[in-house]
Every structure is written in C-alpha cells, then in structure tokens.
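The values are calculated or read from the model by the stated rules, or taken from the named source; none is laboratory data. The structure displayed is predicted, hence computed values, not measured ones. Please note: Cβ atoms are built from the backbone with ideal geometry, for glycine as well, and neighbour counts cover all protein chains shown.
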Amino acid sequence: MIKYYDTHAHTNLDPLNQTFAKVVKECEKNSIIFNVVGTNYEDSLLAVKQAKQFPNTIRATIGFHPSNIKNLQQINLLEDLYCKNKDYIVAIGEAGLDYHYSGYDKQLQIDAFKQQIALANKYDLPLVVHVRDAHEDCLKILESAKTKILIHCFTTNKDIARKYIERGYYLAFGGVTTFKKSNDVVQALKITPLDKLLLETDCPWLAPEPVRGKTNHPLYIKYTFDFISKVLNRPNLQQTILQNSLNFFNWKVNK
C-alpha cells in the first residue's frame, strides 16, 4: 500500500543520481512513490529514463527551470520528448519565474514560461510552477493557463497563498515548512484547502527537521507529513494528500 507521494524530487541530479537505484529501493521498501522533475532538457531526458526504469515507483515531469534557460529554441525540444514518452510523463515543469538573484533575463524567463504554459495547454498536462520573488508577474502570466496548476515548494505567506488559492491552484509544501522560522509558511498551510494540498521534498535540497542540513531524500517526506499532520490535526490526512497527488498528476496506481 502506498503511503506517500513525493511530488517533487531530483534523483536526476547529483548526489542522488549517483545512488539512484538505492534511493528507489529504499522508497519501495517504505511505500513511497515520487516524481523526478526536470530543470533543463538533459535532466528531463534523465527523468524520463528513470521513470521508464521504475514505472511502478516513478513518473517524470519535463521542463526548464527559469534559471536554466539560454534560448527559447530549447523549449521546443520538450514537445517531442513528451510525444515519445506519454506514458511516463505526468506534467510540464518545473517552469516559472525566479527574480531572486541578480543578472537574470526577465523577458527571457517570461517568454519561456509562456511557451511551457502553451505546451501544457496543448496536451492538457498539469503545470508545476517554480516562482521566487516574482509572484505578481507569475499570477498575471498564469491567466493564460487552462490546465491544473501546482505552486511547488511554497515558502511565502498566507496573503500570497490566498491569491493562488482563489484561482483554484494547488500548493505543495516541503521541508521549509518544518523550520523554526517558517511561521509565515505554516500560516499559509493553515488556510490551504485540504483538497489543494500536496507534499514534496525538492530533494536533494531543503531537508526537513529533524534532518535539516543533510542531503534530502524522498524518504524524508514522512517528516514533513508528520509536522503538517500535527499542525492541521485532521482525520485521514495522509490518505487525503495521497489522493490529491494522484488525482493532480492523473497517476492510476494500485494503492
């Protein structure tokens, strides 16, 4: 029986890629399934390869992280990748906007985001959104989206959360939620409708308490769930979140 669905993992990146088979074995032993998320074309290819290798445990999402975009022609490669691997790809992303570090090309990020939204619309695929320090632009651009939207790794406050929630978007909470100075994130969690709530690790980064500072792992989704369960104190929460995740990504599994 599946217990957890880590909706955002990067076993296609180091260091988890180096021990990938072991990671999968540990997840299978602990009844965890997960998405391997692409951030450029090369690791999107690897995400698909990993999903094909372990189709009962893994699905892939393919996309370009906003900080990895060099030109718009790259985005065109995603459509062919999807069309050849539809059984293993459950979403477009992570795609979005990141204005956190100086030197970014704002217009290139916006254009690439729009292009990936168009791809998700064309094939009616869910869209996994990365957004940092760019929420107003993100909300405006997402008006063109016609598919399900997941705001991955939500780490802001309830005012921003409410804007996404009013649109009917899903929010994924990860290890940051467990940190001692994350009260704003916890308050956002509390106003998130239960049917729009998903969990993720974003491994190998952002390991939750009590393993903060270590290389994150899909196994650690259980620590985030335990924290969130104590905050929300709702019955059948584990099953609710699992079903939300399966429904969002249209993954039919034998639970």
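Out of Ile33, Ile92, which single residue is touching a helix residue (DSSP H, G or I) at 6+ places or on another chain (Cβ under 6 Å) and not small (Gly, Ala, Ser)? Please lay out each step first, then the result.
Working: Ile33 fails: touching a helix residue (DSSP H, G or I) at 6+ places or on another chain (Cβ under 6 Å).
Ile92 is the lone residue from the list that is touching a helix residue (DSSP H, G or I) at 6+ places or on another chain (Cβ under 6 Å) and not small (Gly, Ala, Ser).
Would you please name the residue that is surrounded by the fewest Cβ atoms within 10 Å (Cβ to Cβ), looking only at residues in region 182-204 that are of a type in the set (A, V, I, L, M, F, W, C), closer than 24 Å to Pro126 by Cβ and within 19 Å of the chain's Cα centre (by Cα)?
Step one: of region 182-204, the residues of a type in the set (A, V, I, L, M, F, W, C) are 185-186, 188-189, 191, 194, 197-199, 203.
Filter once more, keeping what is closer than 24 Å to Pro126 by Cβ: 185, 188-189, 191, 194, 197-199, 203.
When the remaining residues are screened for being within 19 Å of the chain's Cα centre (by Cα), the result is 185, 188-189, 194, 197-199, 203.
Working: Val185: 21, Ala188: 24, Leu189: 20, Leu194: 12, Leu197: 21, Leu198: 25, Leu199: 24, Cys203: 26.
Result: Leu194.
In region 152-183, what count of residues is obtained for those that are of a type outside the set (Ser, Thr, Tyr), more than 14 Å from Ile228 (Cα to Cα) and not in a loop (DSSP other than H, G, I, E, B)?
Total meeting the criteria: 8.
Considering every residue within region 162-181, establish whether at least one is among the aliphatic types (A, V, I, L, M), surrounded by 18 or more Cβ atoms within 10 Å (Cβ to Cβ) and over 26 Å from Ile32 (Cβ atoms).
Initially, region 162-181 is screened for residues among the aliphatic types (A, V, I, L, M), giving 165, 171-172, 176.
If we keep only those that are surrounded by 18 or more Cβ atoms within 10 Å (Cβ to Cβ) too, we end up with 165, 171-172, 176.
Then drop every residue that is not over 26 Å from Ile32 (Cβ atoms), which leaves 165.
Yes, there is a match, as at least one residue in region 162-181 is among the aliphatic types (A, V, I, L, M), surrounded by 18 or more Cβ atoms within 10 Å (Cβ to Cβ) and over 26 Å from Ile32 (Cβ atoms).
Can you go through Lys106, Lys146, Lys114, Lys84 and tell me which one is basic (Lys, Arg), within 27 Å of Ala51 (Cβ to Cβ) and over 19 Å from the mean Cα position of the chain (by Cα)?
Working: Lys106 fails: within 27 Å of Ala51 (Cβ to Cβ); Lys146 fails: over 19 Å from the mean Cα position of the chain (by Cα); Lys114 fails: over 19 Å from the mean Cα position of the chain (by Cα).
Among Lys106, Lys146, Lys114, Lys84, only Lys84 is basic (Lys, Arg), within 27 Å of Ala51 (Cβ to Cβ) and over 19 Å from the mean Cα position of the chain (by Cα).
Return the residue satisfying two criteria in turn: it lies in region 150-161 and is of a type in the set (A, V, I, L, M, F, W, C) and crowded, with 22+ Cβ neighbours inside 10 Å, and of such residues it is nearest to Gly213 (Cα to Cα).
Start the filter on region 150-161 by keeping residues that are of a type in the set (A, V, I, L, M, F, W, C), which leaves 150-151, 153-154, 160-161.
Remaining after also requiring crowded, with 22+ Cβ neighbours inside 10 Å: 150-151, 153-154, 161.
Details: Leu150: 26, Ile151: 24, Cys153: 17, Phe154: 19, Ala161: 26 Å.
Among those residues, the one meeting the criterion is Cys153.
Quick one: count up the residues across region 221-255 that are within 20 Å of Lys22 (Cβ to Cβ) and over 15 Å from the mean Cα position of the chain (by Cα). Break it down stepwise before answering.
Step one: list which residues in region 221-255 are within 20 Å of Lys22 (Cβ to Cβ), which gives 221-223.
Restricting the remaining residues to those that are over 15 Å from the mean Cα position of the chain (by Cα) gives 222-223.
Total meeting the criteria: 2.
If I ask for residues that are touching a residue at least 40 places away in the same chain (Cβ under 8 Å) and closer than 21 Å to His10 by Cα, which ones from region 68-78 would you list?
Let us first name the residues in region 68-78 that are touching a residue at least 40 places away in the same chain (Cβ under 8 Å), namely 69, 72, 75, 78.
Of everything in region 68-78, those that are touching a residue at least 40 places away in the same chain (Cβ under 8 Å) and closer than 21 Å to His10 by Cα turn out to be Ile69, Ile75, Leu78.
So is Val129 closer than 18 Å to Lys140 by Cα and of a type in the set (Val, Ile, Thr) or not?
Yes; evaluated as a whole, the condition is true for this residue.
Give me the pairs, please: first residue somewhere in region 37-53 and of a type in the set (S, T, N, Q), second residue anywhere and crowded, with 17+ Cβ neighbours inside 10 Å and modelled with pLDDT of 95 or more, beta-carbon distance under 6 Å, and either six or more positions apart or on two chains.
Thr39/His65; Thr39/Asn68; Asn40/Phe64; Asn40/Asn68; Ser44/Gly38; Ser44/Ile62; Gln50/Val36; Gln50/Ile58
Could you tell me whether any residue of region 54-64 is of a type in the set (Lys, Arg), under 26 Å from Ile2 (Cα atoms) and either modelled with pLDDT under 95 or in contact with a strand residue (DSSP E or B) (Cβ under 8 Å, 6 or more places away or on another chain) (or both)?
Restricting attention to region 54-64, the residues satisfying the condition of being of a type in the set (Lys, Arg) are 59.
With under 26 Å from Ile2 (Cα atoms) added as a condition, the list becomes 59.
Subsequent filtering for residues that are either modelled with pLDDT under 95 or in contact with a strand residue (DSSP E or B) (Cβ under 8 Å, 6 or more places away or on another chain) (or both) retains 59.
Yes - at least one qualifying residue is present in region 54-64.
Looking at region 205-215, is at least one residue touching a strand residue (DSSP E or B) at 6+ places or on another chain (Cβ under 9 Å), in a helix (DSSP H, G or I) and surrounded by fewer than 23 Cβ atoms within 10 Å (Cβ to Cβ)? Break it down stepwise before answering.
Here is the first cut: in region 205-215, the ones touching a strand residue (DSSP E or B) at 6+ places or on another chain (Cβ under 9 Å) are 215.
If we keep only those that are in a helix (DSSP H, G or I) as well, we get none.
For region 205-215, residues touching a strand residue (DSSP E or B) at 6+ places or on another chain (Cβ under 9 Å), in a helix (DSSP H, G or I) and surrounded by fewer than 23 Cβ atoms within 10 Å (Cβ to Cβ): absent.
Conditions (1) closer than 13 Å to Ser67 by Cα; (2) surrounded by 23 or more Cβ atoms within 10 Å (Cβ to Cβ); (3) touching a Gly at 6+ places or on another chain (Cβ under 8 Å), marked per residue:
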| site | (1), (2), (3) |
| --- | --- |
| Asn85 | no, no, no |
| Ile89 | no, yes, no |
| Ile92 | no, yes, yes |
| Ser102 | yes, no, no |
| Ala118 | no, no, no |
| Val128 | no, yes, yes |
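Sort out which residues of region 11-47 are of a type in the set (Gly, Ala, Ser) and closer than 19 Å to Ser245 by Cα, and write them in order of number. Walk me through how you get there before you give the answer.
Here is the first cut: in region 11-47, the residues of a type in the set (Gly, Ala, Ser) are 21, 31, 38, 44, 47.
Ser31, Gly38, Ala47 - these are the residues of region 11-47 that are of a type in the set (Gly, Ala, Ser) and closer than 19 Å to Ser245 by Cα.
Would you check if there is a residue in region 67-82 being touching a strand residue (DSSP E or B) at 6+ places or on another chain (Cβ under 6 Å), in a strand (DSSP E or B) and crowded, with 17+ Cβ neighbours inside 10 Å?
no
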